[in-house]
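Please read the structure below before turning to the comments.
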Amino acid sequence: MRTKPDPSEQLRAALRRPGHGSSDFDLNPETVLPEGRKLRPAGVLVPITLAGDTPRLILTKRSSALKQHPGQIAFPGGKQDEGDEDVTAAALREAQEEIGLPPELPEVLGHLPAHETVTSFSVTPVVAILRQSFQPIPEPGEVDEVFSVPLAHVLNPANYIVESRRWRGQKRYYFTVPYGPYYIWGATARMLRGLAARVSE
C-alpha cells in the first residue's frame, strides 16, 4: 500500500531558513517609496490539504464586484483587527469567514517573511497543512470561487514567469504562475515564489 506524500517536514525546514521579506516592488527597483510610510499588518493563510492523493494548495478567486483586486487569485486572509491576537489569528479568522475553514483544522507549520504590498499592507503568509477535508463555503460578495492547485506546481521555480503591464504610467514587472484557467500573479505569486525558493534550496 502506497503512503500519501506528506510535505510537512520539508516545509517546516524551508520556513526555518533565514531570509528577507518580499514586496510588490521586487522586480521594479526604480520604484521610489515614500519615506515614513505606515504599513498595516495583515495575515494570509497558505492552506495545503493532504486529504487527497497528492498535496494541493487551496486558493480563492476574489469577487469581480470588489473595489480592490476584483477577480484576482488570492490566499484567504486579511488585515489584523483589534480583536486578533496576531497575524496568525487574523489569517485563521479570515479563512473561516471567506471559505468556511474551521479554525481548529489547520496545523500551522510556520511563517514566511512579511510581504509589502502596493496598498501599504505588511502581509505575513501563514503556512498550514490540513489533514482532513472540509467543504468550502465561499463568502458571498467577497469570494467567487474556492479551488486548489497541486502543491508541486507552485513549489517548482521553473513554473514562474516574469510578465509586465503598464501601471501608473510605467511598465511594472511581476511574477505569474499560471495553472489551467487560473492566472495566479502579483502578490500571491510573489509570496509563493518565495516559498518555492526556500524549498528548493
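Entry remark, the stretch 12-69: residues being hydrophobic (A, V, I, L, M, F, W, C), within 20 Å of Ser148 (Cα to Cα) and over 18 Å from the mean Cα position of the chain (by Cα) number 1 in total.
Looking at the stretch 118-201, the strands (runs of 3 or more DSSP E) lying wholly inside it that each contain 2 or more residues that are modelled with pLDDT of 95 or more and closer than 15 Å to Pro47 by Cβ sit at 121-130, 143-150.
Every residue, every condition in (1) part of a loop (DSSP other than H, G, I, E, B); (2) without any contact (Cβ under 8 Å) to a residue 40 or more places away in the chain; (3) on the phi < 0 side of the Ramachandran plot, yes or no:
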residue	(1), (2), (3)
Pro18	yes, yes, yes
Arg37	yes, no, yes
Leu92	no, no, yes
Leu105	yes, yes, yes
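Taking the criterion of being more than 15 Å from Ala74 (Cβ to Cβ) and surrounded by 15 or more Cβ atoms within 10 Å (Cβ to Cβ), the residues of the stretch 113-127 that qualify are Pro113, Ala114, Glu116, Ser122, Val127.
Consider the stretch 172-188 and keep the residues that are among the hydrophobic types (A, V, I, L, M, F, W, C) and in contact (Cβ under 8 Å) with a residue 40 or more places away in the chain. The one that is farthest from Phe147 (Cα to Cα) is Phe175. Does Leu109 count as closer than 29 Å to Thr31 by Cα and surrounded by 20 or more Cβ atoms within 10 Å (Cβ to Cβ)? In short, no.
Taken over the stretch 144-159, residues that are buried (at least 19 other Cβ atoms within 10 Å of the Cβ) and either within 13 Å of Leu59 (Cα to Cα) or among the aromatic types (Phe, Trp, Tyr) (or both) amount to 4.
The values are calculated or read from the model by the stated rules, or taken from the named source; none is laboratory data. Quantities reported herein were computed from a predicted structural model and do not represent experimental measurements. Heads up, the Cβs are rebuilt from the backbone with ideal geometry, glycines too, and the neighbour counts pull from every protein chain shown.
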